[in-house]
Amino acid sequence: MQHSCHVAMLGAGETSIDPGIQLRLQVRPGATTAGRARRWGDYCRQRRARGVVLFIAAEERYPGHPQPTERADWLQALAVATEELRSFDLQVGFNPWSSVGPWDLGRANRLGFEPMVSASGRRAEQQASFACPVWLQWITDWYGDLAALRPDVFWLEDDFRLHNHAPVDFGGFEEIMLDRFRDAIGERPSREQIVAAILSPGAPHPWRAALQLTWREAQLDAAAAIGHAVATRSGGNTRMGLMSSVPAQHAVEGRDWHRLFDALGPGTLHRPHFAGYSESTPSRVSTELALLDQQRPLRPPGTPVTPEIDNWPHTRWSKSHTETWSQLALAKLSGADGLLLCLFSFYGDEPDDTPDIDTLLDATHPALTWLAERCDGRRRRRGVRVIWDPAVSTRQWLRKEATWPDLVVDPTPVAAYLLRNGVPVSADDDGPGFLFGAVSDALTDDELLGLLSGPLLVDGDAAVRLTRRGFGDLLGVRILDSVPRLSASDSPYALERLTADGQAATGLPGDTVTSVNHQPGLTRLAVDGGACWTDIRTPIDELWGAGRIASVNRLGGRIVVTAAHAVAELPASDTERTLLQSAVRFALGDNDPWPTVTGGPHLAPVIMDTECRSGGDDDCDLLIAVVNGSGDPETVSLSDVPERPVDGWLLAPMARPRKIGLDRTPDGLQVTEPIPSRSILVIEPVDRPAKEARADGQPT
């Protein structure tokens, strides 16, 4: 099977790395299947798409889990469509709509599967339990029959999960699953007793880990059976692809990512959770970049990555070409090997039904090709590492009256907060860390000591938990109290005011004030060996506690603690950006800083190594990208940029890449013109070595 990146011929001897676009299309059984497949094959050739992924009984065409007669119709249609599409030298992937099943949406349980049940006892209609043997036999038979047609990739869709199966918010509490759990623990508790134990305050009850283990093993058993059926029936010619959802939600299920990839089989591809179905504000680019980055260490090294860009319920009424271009470009900037485009309806349309998509595909190709030549997913990213471990949902201590959503500990908002404030992030860098919320509960003492020995940013909730673990003396603060916003007080927290130490550290004016009024919680801090940069004040300007404290501990760790429990909900502003960037610089100390970004709001940087000298990571040229998440054109300034010759490029939505001017400043670089909303500024070393391509089409 060929890889999703190819070499596209441009002219006499000129080549480029193809961006690997694949269109997701609905097949429709019937006499017109062959003709429609030919028209789509010709369309893909004209639009330079490298393949298609065929939906099978999707959305409006989904009557419920397919029955035998329906399966026969689909198999016949897919055999015809696959043969026709391959005659156009296209890759063909299959994407059955149902694994355990999507939302009920009025569909009936037609095959007698044991349905999912929520923690509250809510029962689904047609969403099957992973523990149901009838379902497991059905899915291995059905997927095996499909695999016998030998698609290049067989996609396991993202409903292969316990969460988000409306009307069930989170399944896995059906009796057939709970009986497995009861057998494992040697007790017979009721569903209500199990839920109460899992959500009990304080240290985690052992049943939480035991139930997550039960869920994990049920999913791994199903994945292994599916992977085996696909490999066997395809004669080893088909690779699996895993579509996944929000990592923090999967963590509550107890997902073991590497074991899941192993269970599906060698060479499994990954479609990471990424962009939304419909239009969003430009500022969401920080969240999208954060999601792409945080999933890098979850999959085995070398896993081919193909993000999906959706448009539902389709056409520019749901998502503009500008936003679609933006998400395609962000995916390639992240180093994606291929791109799955879900732009056409599930009804089974003809190519001519949505002619404006031609314009989109043609306009995106130059920028995607340009990025594909430069952005290799194997290159090391540079930035602050938001500390996260999927085990946090198992090991975290809960507060009183915890609810099911409290088990979800999501690093995405913290990473997006850093990015929108001009600070790069990297899930695979060993630079400064950001330890937030309950994540410290998931880490060992040795892991925490390692973090506290280096550059580290800590939020107020994490500071409380670190103190409980016995590490409070390394933070430069004393914990006086942890105060939720909903606790009534005559002297509530409201404002954050700069101190003299803060003025010296940040360069902000001495009368700078910002807000903590809408924080869901704040830790009341007292300085204990650190420098207090800000104070927390009440509405009448009384001192409430310390706000941000910078210190160097006895291990040499440079630590900045903030009282806020949810830094992502701090008011976005120039002041907040300066406070955060100053904290990062303090934490780095004498280490070489990375470039950070100022100028307009919501300018999100991405920094990756390009060519490294002497075979090491310490002497590398950097490729620097800045994504404009503002709704306006914005000026861009970069500080701490290495003094090496560079070129500036502008990738604007729906336009060809072009050079853009850069001026050297005492602090770094400034772009000579504002860059448009959703555009990408790229700064690369002059005389960047051309990326070659191997004989199999993969970039070197």
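Just so it is clear, none of the values below were taken in a lab; they were calculated from the coordinates. Bear in mind that the values here come from a model prediction, so they are computed numbers and not experimental data. Cβ atoms come from the backbone with ideal geometry, glycine included; neighbour counts cover every protein chain shown.
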Distant-in-sequence amide H partners of VAL384 (H built 1.01 Å from N, under 5 Å): VAL425, SER426
Karplus-derived HN-Hα couplings along region 481-486 (A = 6.51, B = -1.76, C = 1.60, θ = phi - 60°), whole Hz, x at Gly and Pro: 5, 10, 10, x, 4, 6
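So for the chain: antiparallel DSSP bridges make up what percent, rounded to the nearest 5?
On the way: 70 of 106 bridges.
Counting only bridges with both partners in the chain, antiparallel ones make up about 65 percent.
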For region 381-588: span of alpha carbons on each principal axis (Å, largest first): 42, 39, 32
Footprinting exposure proxy for VAL516, VAL458 (fewest neighbouring C-beta atoms within 10 Å first): VAL516, VAL458
Unit charges on C-beta of K, R, D, E only; dipole of region 381-588, Debye: 200
Cut-off under 5 Å, modelled amide H: who pairs with THR499 long-range: THR534, ASP535
Built amide H within the under 5 Å cut-off of LEU398, gap 5+: GLY202
Under Karplus coefficients 6.51, -1.76 and 1.60, residue-wise ³J(HN,Hα) of region 160-168 in Hz, glycine/proline x: 6, 6, 9, 9, 6, 10, 3, x, 8
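Around THR303, what is the net charge, scoring Lys/Arg as +1 and Asp/Glu as -1 over all other residues with Cβ under 12 Å from its Cβ?
Details: positive: ARG239, ARG271, ARG296, ARG299, ARG378; negative: ASP262, ASP337.
That works out to +3.
Count charges around ARG233 for me, please; just the other residues with Cβ under 13 Å from its Cβ, Lys/Arg as +1, Asp/Glu as -1.
Values: positive: ARG150; negative: ASP141, ASP145.
Net of charged neighbours comes to -1.
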Option label - Rg and Dmax of the Cα atoms in Å computed here, alternatives (1) 26.3, 79; (2) 25.0, 78; (3) 26.8, 73: (1)
Residues listed by number, region 183-216, amide nitrogen under 13 Å from TRP404 label point at 7 Å toward C-beta: 192, 195-196, 199
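Which ordering of MET608, MET243 is given by a fewest-first count of other beta-carbon atoms within 10 Å? Don't jump to the answer; show the numbers that get you there.
Details: MET608 24, MET243 21.
Ascending number of Cβ neighbours within 10 Å: MET243, MET608.
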For region 657-662, 3J(HN,Hα) per residue [Karplus equation, 6.51 cos²θ - 1.76 cosθ + 1.60, θ = phi - 60°, Hz, x = Gly/Pro]: x, 9, 5, 9, x, 10
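Determine, for ASP459, ASP169, the number of other Cβ atoms within 10 Å of each Cβ, and report the residues in order from fewest to most. Display every interim value, and only then the final one.
On the way: ASP459 23, ASP169 15.
Starting with the residue having the fewest Cβ neighbours, the order is ASP169, ASP459.
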Simple label model, 7 Å out from Cα along Cβ direction - SER515 to ARG468, nm: 3.0
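Can you show me the helix-derived [θ] at 222 nm for the chain, built from DSSP H runs with n ≥ 4 at -39,500 (n - 2.57) apiece and divided by the number of residues, rounded to the nearest 500. Walk me through the intermediate numbers first.
On the way: 17 runs with 202 residues, N = 700.
That calculation yields -9000 deg cm²/dmol at 222 nm.
Please return the longest range in the chain lying between exposed loop sites, taking GluC sites (Glu not before Pro), DSSP loop only, at most 14 other beta-carbon atoms within 10 Å, and leaving the sites out.
Numbers: sites that count: GLU187, GLU401, GLU542, GLU643, GLU692.
Here the longest segment lacking exposed loop sites spans 188-400.
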Cut-off 12 Å between beta-carbons: net charge of the residues surrounding SER489, Lys and Arg +1, Asp and Glu -1: -1
